[in-house]
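K.L.:
Handing you a structure now.
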Amino acid sequence: MNKQQKRLDRSYGIIMPIFSLPSNYGIGTFGKAAYDFVDYLNDCGAKYWQILPLGQTSYGDSPYQSFSSFAGNPYFIDLDMLIEDGLLEKEDLENIDFGGNEREIDYAKLYNVRYRVLEIAYKNAKEKYAKEIKEFRKAEANWLEDYALFMAIKKDNLDKSWEFWDEDLRNRKKSALDEFKKENKELIDFYVYLQYEFFKQWNKLKEFANRHEIEIIGDLPIYVAYDSADAWVNYEILKLDKETKRPIVVGGAPPDDYSEDGQLWGNPIYRWEYMRDVEGFDFWKRRIGACLKLYDILRLDHFRGFEAYYAIPATDDTARYGKWEKGLAYDFFDAIKEAYPDAKYIAEDLGFITKEVEDLINHYAFPGMKVIQFAFGDNFDSEYLPHNYERNSMVYASTHDSDTLQGFLDNADEHLLELIRTYFGIGEDEKDENIRETIARNLMASVSDVCMFEIQDLFGLGNEARINCPGIVGGNWDWRAVESDFDKKIAEKYEKMAKTYGRI
């Protein structure tokens, strides 16, 4: 079997999280604005739509900390579509405060009102779509039943993490689970319905995008959240205490120039040898298989963690005293390539990358990432500068974890601006807009197979539109676009650029 991945066609794409789409109901959804965005991508001459993980978010609102690797976020279910299906009346949405700021998501308000509306839809759907829901439930039984049960128990426990549940439920004692199922059937069925509706709407949208020659790039976090159905059901594959089921070690990143204490993520770490020797990477095969149904290309977040992972004692308050442990990267990817030989991946290889990680990427010919904002030093020798790119790569103007391109320029001091002007041949009197466009044009002209922009970069928005500031709690994952942002002239400009540099 050829283990090397086929290169992606020369093209470009745009990053737009679902939650950032325009909407009348507080958050972006799979509704009309999503279909309009596919049309806008076509107008721009783009081939790829990159989104963030579609999983159900928990405390902190991060799509990288989800209650399940398999379930979708009910917030993305479009309410107007439910009206069209006869599951809601317009009156059901009157006098409901979904959040008053069209530029910002209010997750607290969504949590308090969204599920109440969806409960109305469920009551109207459970008979009307009983056959379809039953078929969906059967097809997705290998994860859906455990997920719905997990969410129902969590709701019954006032949203507490599963480590604080009754011992029998925490330890999945069959008699306790059976009794809970009997007493809470309606609540469990509600969570099943939400997933039915999520996948029904998403599959329709993805089919529309693919029909219009747009491919979806999705994102797979390397770790599962501790407070998740994944950890509750599959605790054997994680480094958890046998008695308490609490993590022994957790994931993170060591101290560096940006963080003297490192990053303490708190996710439990995998027992890689157990997964290989006992279950044959079954959980990962199911997890990736589920993602490949959702997306056309899968971006593997924190790719370095497959080769070696940073393990921190779970009792520590910082990441200072963790240590690197070797993974089983080649065994793992060989198994995944055998299971899904035609799947396409992107390696998120940002940060300090060792030779071992580079060898791993080259062995499978995964495209890595280049971010122009990381490029500028006095010697102009960075691998992130366009003259050092290789074809099998993805170049990014910005990412969801970085400044927007305009925000990067706004925050640049005079020395950095001088380096940028020198490298790109930009005159002293050039305006910021022209600098931003010159950078975009050079990225489009580079040899990288794929060039990516956040939608904010096309619109020229600064850090008021930034998606996430890593290490800062609160104020993340809440930026929203509005309809007036989608200027046809911008689309025409980028389509012309894409044609000029052979990306269409």
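K.L.:
Dipole magnitude of the chain about its Cα centre, charges +1 at Lys/Arg Cβ and -1 at Asp/Glu Cβ only, in debye to the nearest 20?
P.N.:
1800 debye
K.L.:
How high is the relative contact order of the stretch 403-481? Use alpha-carbon pairs under 8 Å, at least six apart in sequence, and give a whole percent.
P.N.:
After rounding, I find 42 percent.
K.L.:
Rg and Dmax in Å for the chain, alpha carbons only: what are they?
P.N.:
That works out to 23.1, 75 Å for Rg and Dmax.
K.L.:
Hey, another quick one. Ignoring ligands, DNA and RNA, please state the percent of accessible area on the stretch 130-198 from carbon and sulfur, probe 1.4 Å.
P.N.:
Carbon with sulfur: 50 percent of the solvent-accessible area.
K.L.:
Counting only protein heavy atoms and a 1.4 Å probe, tell me what percentage of the stretch 245-364's accessible area is made up of carbon and sulfur.
P.N.:
48 percent
K.L.:
Still on this model: Consider all pairwise Cα distances in the stretch 262-396 and report the whole-number % of them above 22 Å.
P.N.:
In whole percent, the share of Cα-Cα pairs in the stretch 262-396 beyond 22 Å is 47.
K.L.:
Return, ordered by residue number, the residues of the stretch 105-125 whose backbone nitrogen is under 17 Å from a label point located 7 Å along Cα→Cβ of Glu186.
P.N.:
From the stretch 105-125, the list is 115-125.
K.L.:
Using only the C-alpha atoms of the stretch 251-291, find the volume of their convex hull and express it per residue in Å³.
P.N.:
Taking only Cα atoms, the stretch 251-291 has a hull volume of 93 Å³ per residue.
K.L.:
Return one whole number: the accessible area per residue of the stretch 1-151 in Å², for a 1.4 Å probe.
P.N.:
Result: 44 Å² per residue.
K.L.:
Let me ask something else about it. Ratio of alpha-carbon Rg to the 2.2 N^0.38 Å globular estimate for the stretch 22-126, to two decimals, please.
P.N.:
1.14
K.L.:
Using a Förster distance of 35 Å, how high is the FRET efficiency between Asn388 and Tyr35, based on the Cβ-Cβ distance and rounded to 0.05?
P.N.:
Calculated transfer efficiency: 0.35.
K.L.:
Can you compute the modelled spin-label distance between Lys3 and Thr315, with each label point 7 Å from Cα toward Cβ, in nm?
P.N.:
4.0 nm
K.L.:
Based on the Cα gyration tensor of the stretch 316-421, what are the three equivalent ellipsoid semi-axes, each the root of five times an eigenvalue, rounded to whole Å and given largest first?
P.N.:
Rounded to whole Å, the semi-axes are 31, 19, 13.
K.L.:
Over 31 Å between Cα atoms, which of Lys109/Lys200; Lys109/Lys344; Lys173/Lys285; Lys200/Lys285 qualify?
P.N.:
Lys109/Lys344
K.L.:
Can I ask one more? Could you tell me the relative contact order of the stretch 209-286? Use alpha-carbon pairs under 8 Å, at least six residues apart, and round to a whole percent.
P.N.:
Relative contact order here is 25 percent.
K.L.:
Moving on. Over all directions, how big on average is the projection of the convex hull of the alpha-carbon atoms in the stretch 240-335, in square nanometres?
P.N.:
Orientation-averaged projected area of the Cα hull: 7.5 nm².
The values are calculated or read from the model by the stated rules, or taken from the named source; none is laboratory data. Quick caveat: nothing in here was measured; it's all calculated off a predicted structure. Counting neighbours? That spans all protein chains shown, and the Cβs are built from the backbone with ideal geometry, glycine included. What goes into the accessible areas is simple: the full protein's heavy atoms, side chains included, and nothing from ligands, DNA or RNA. Shrake-Rupley method; radii C 1.70, N 1.55, O 1.52, S 1.80 Å.
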